[in-house]
Structure formats: structure tokens, C-alpha cells
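First the structure, in the form of C-alpha cells, and then the observations on it.
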Amino acid sequence: MASNKAVVPEAKAALNQFKTEVASSLNVNLKQGYNGDLTSKQAGSIGGEMVKRMIQYAAQNMPK
């Protein structure tokens, strides 16, 4: 059974800040709290860009 519980609760604030930065760079305005008025395209763009940047960061910082 899947759980939505954070493994590292301290990371929540950092991920929210990261999400806000990515949304801003994509010219998508996020509000504090509920953002249900976003289109699927906007929400997907934010999530996709977050994953892309995390993979890029991991690839650059992996020991060789």
C-alpha cells in the first residue's frame, strides 16, 4: 500500500521553495496553499521541470 508520508519531513520546505522557483522560471504564478486553478499543462510543466533539474543535479554531482 502506498503512503504519502514524507520520508524526510525537513525536505518539505525545500521542495516547496524549489517548486516555487521552477514555477516562476516557467512564468506560472503559484499561490500559497491550494493551486487547483492551474491547468494540467502548467502543473505538468512544473513537475517535469523539477524532475529534469533534479536529474541534472544528480548527474553533475555523482562521484566518478
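What follows draws every value from the coordinates through simple rules; no lab data is involved. Quantities reported herein were computed from a predicted structural model and do not represent experimental measurements. Backbone-built Cβ (ideal geometry, glycine too); neighbour counts: all protein chains shown.
Given points 7 Å out from each Cα along the Cα-Cβ axis, report the residue 21 to residue 5 separation in nanometres with one decimal. Placing both labels 7 Å along Cα→Cβ, they lie 3.0 nm apart. Sequentially through the stretch 35-50, phi angles give Karplus couplings (6.51, -1.76, 1.60; θ = phi - 60°) of 10, x, 8, 6, 6, 4, 5, 5, 4, x, 5, 5, x, x, 5, 4 Hz, Gly and Pro residues having no value and appearing as x. Phi-derived couplings, Karplus 6.51 cos²θ - 1.76 cosθ + 1.60 at θ = phi - 60°, listed residue by residue for the stretch 22-34: 5, 4, 4, 5, 8, 6, 10, 8, 9, 9, 5, x, 6 Hz, with x used for Gly and Pro. Simple rule: put +1 on each Lys or Arg Cβ and -1 on each Asp or Glu Cβ in the chain, find the dipole, and look at 17, 55, 27; the Cα lying farthest toward the positive end is 55.
Residue-wise HN-Hα couplings along the stretch 8-19, as the Karplus relation 6.51 cos²θ - 1.76 cosθ + 1.60 with θ = phi - 60° gives them from phi, are 10, x, 5, 7, 4, 5, 5, 5, 5, 5, 4, 4 Hz; Gly and Pro carry x. Mean-square fluctuations from a GNM of the chain, with a 10 angstrom spring cutoff on Cα atoms, peak among 17, 32, 42 at 32. Put a plus charge on the Cβ of each Lys and Arg, a minus charge on the Cβ of each Asp and Glu, and nothing anywhere else: the dipole of the chain about its Cα centre is then about 140 debye. How much mean residue ellipticity at 222 nm does the chain get from its helices, if each DSSP H run of length 4 or more adds -39500 (n - 2.57) and you divide by all residues, to the nearest 500 deg cm²/dmol? Helices in the chain give a 222 nm mean residue ellipticity of -19500 deg cm²/dmol.
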